[in-house]
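S.K.: Quick one: structure below, then a few questions.
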Amino acid sequence: MNNPFKDIFSNMKVFDKGSSDTALGVDVGSSSIKIVEIKKRGGRAMLETYGMISLGPYDDLDAGRVTNLSVEKIVEALKETIKQSGVTTSLSALAIPAQSSLIFTLELPAQVKKSEMASIVATEARKYIPIPINEVSLDWFLLPQKEVTFEEENNPDFPQDLPEKTEILVAAIQNDVITKYRSIVEGSKLNTEFFEIEIFSSIRSNFEHELSLVLLMDFGASRTKLSIAEFGTVKNFHIIPRGSADITDSISKSLSIPFAEAEKMKKEFGLFGDPNEKNLAEIIKVHTDYIFSETNNVLLGYEKKYNRTISKVILTGGGALLKGLKEIAIGNCKAEVEIGHPFGKVGTPAFLDKALEATGPEFAVAIGLALRKLQ
């Protein structure tokens, strides 16, 4: 998927662009930093190196905890990640967290001229943005219209007189956030051509040739991000304020054990449960039930509005590696369910196949960034 936004996200140059067949994708998350370096060889992207570091220790917290680090601490952690991974290039791209941005859809009359859209979008967007419009960088993209199929056209129950409307996907980022990420880039001595909202990077690395309506569920440490996409284009976006760190915290408190021990139990047993601790699966299920209940509400709302249902669910993000999560997703979603395999988009050594398949969802954003950098 190409990022549809061309203004505020594609031209945020911090240094000169430079030219190289190597690219570094950098994903600064709430609990860890992930990086992936790829190189173009023979027309194909090949994996050079990858690495991850937990941010908790940089805030005197356990690994896996959600952090709120200063720019200086993030720079320190990023430099260490780059050093440990043996990265050879500074040509990079960084992800902007979804929670630091606002993504929504506007509906305008189809009669609106393209020359008038910029001013109209800016005016309408004020209704959705809770801060002064001059404090954000705004961009928008005209969503392609859905073609009516032969079956729909000849179905008496399908609405024939659809209102003629144009849908606009709008994204806004606070200027303070952009300034923060510029500072991270400068402090890390990276040569960065652009920033990109993380969901677009994740779609690029997780999607193959998805033509139907797909739900991408990104399970992060502090949030679960839902992106409904068609033809690789985001049609709807929603954030559920609960993630994998919340699950670990509940295990820790419920079983009166340290966070680090709870994290280990979660990863080892997941929803399959620990034979020595029968309550583990139930503790985790409280959170997954909530996440999928919210997800179904989002899907139901989308179905009612557009008369469309999803055909596939892709699980990604570090939380997607939770044992038993795919089975829970299958039981909740009336669609095909698969766990994303972002490293499948790049050439990798055969001996790493199993390891990369197991850890791939964690690196989806970093891989997507690096892939776009090479385009």
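Where a number appears in this text, it was derived from the coordinates with a stated rule and is not lab data. Just so you know, these numbers come straight off a predicted model, no measurement behind them. Note that we place each Cβ from the backbone using ideal geometry, even for glycine, and neighbour counts take in every protein chain shown.
S.K.: Residue under question is L143, and the condition is that it be surrounded by 17 or more Cβ atoms within 10 Å (Cβ to Cβ) and farther than 21 Å from I239 by Cβ; does it hold?
M.R.: no
S.K.: With assigned to a helix (DSSP H, G or I), basic (K, R) and over 21 Å from the mean Cα position of the chain (by Cα) as the only criterion, which of K304, K334, K326 stands out?
M.R.: Answer to the check: K304.
S.K.: Residue check: is T348 polar (S, T, N, Q) and within 16 Å of the chain's Cα centre (by Cα)?
M.R.: It is false that T348 is polar (S, T, N, Q) and within 16 Å of the chain's Cα centre (by Cα).
S.K.: May I pose another question? When you scan region 230-254, how many residues do you find that are under 12 Å from the mean Cα position of the chain (by Cα) and either closer than 16 Å to S31 by Cβ or among the aliphatic types (A, V, I, L, M) (or both)?
M.R.: Final tally of qualifying residues: 2.
S.K.: Of the residues K323, K285, K312, which is within 18 Å of I203 (Cα to Cα), of a type in the set (D, E, K, R) and surrounded by 14 or more Cβ atoms within 10 Å (Cβ to Cβ)?
M.R.: From the options K323, K285, K312, the qualifying one is K312.
S.K.: Enumerate the pairs (first residue in region 284-310 and free of Cβ contacts under 8 Å to residues at least 40 places away in the same chain; second residue anywhere and hydroxyl-bearing (S, T, Y) and in a loop (DSSP other than H, G, I, E, B)) with beta-carbon separation below 6 Å, excluding pairs fewer than 6 apart on the same chain, so at least 6 apart or on different chains.
M.R.: E303/T309
S.K.: Next up: Does region 236-283 hold any residues that are without any contact (Cβ under 8 Å) to a residue 24 or more places away in the chain, more than 10 Å from G64 (Cβ to Cβ) and of a type in the set (K, R), and which are they?
M.R.: Listed by number, the residues that qualify are K253, K278.
S.K.: Here's something else I'd like to know. Given the structure, is S227 without any contact (Cβ under 8 Å) to a residue 60 or more places away in the chain, surrounded by 15 or more Cβ atoms within 10 Å (Cβ to Cβ) and within 22 Å of F343 (Cα to Cα)?
M.R.: Spelling it out, S227 is indeed without any contact (Cβ under 8 Å) to a residue 60 or more places away in the chain, surrounded by 15 or more Cβ atoms within 10 Å (Cβ to Cβ) and within 22 Å of F343 (Cα to Cα).
S.K.: Could you tell me which residue of region 38-57 is farthest from G319 (Cα to Cα), considering only residues that are touching a residue at least 60 places away in the same chain (Cβ under 8 Å) and buried (at least 24 other Cβ atoms within 10 Å of the Cβ)?
M.R.: Among residues in region 38-57 that are touching a residue at least 60 places away in the same chain (Cβ under 8 Å) and buried (at least 24 other Cβ atoms within 10 Å of the Cβ), the one farthest from G319 (Cα to Cα) is I38.
S.K.: Can you pull out every residue in region 83-99 that is surrounded by fewer than 16 Cβ atoms within 10 Å (Cβ to Cβ), in contact (Cβ under 8 Å) with a residue 12 or more places away in the chain and either among the hydrophobic types (A, V, I, L, M, F, W, C) or not in a loop (DSSP other than H, G, I, E, B) (or both)?
M.R.: Selection gives Q84, Q99.
S.K.: How many residues does region 18-37 hold that are buried (at least 20 other Cβ atoms within 10 Å of the Cβ) and not in a strand (DSSP E or B)?
M.R.: 2
S.K.: Test each condition in (1) under 23 Å from the mean Cα position of the chain (by Cα); (2) under 19 Å from S188 (Cα atoms) for G86 and report the one that comes out false.
M.R.: Result: G86 fails condition (1) only.
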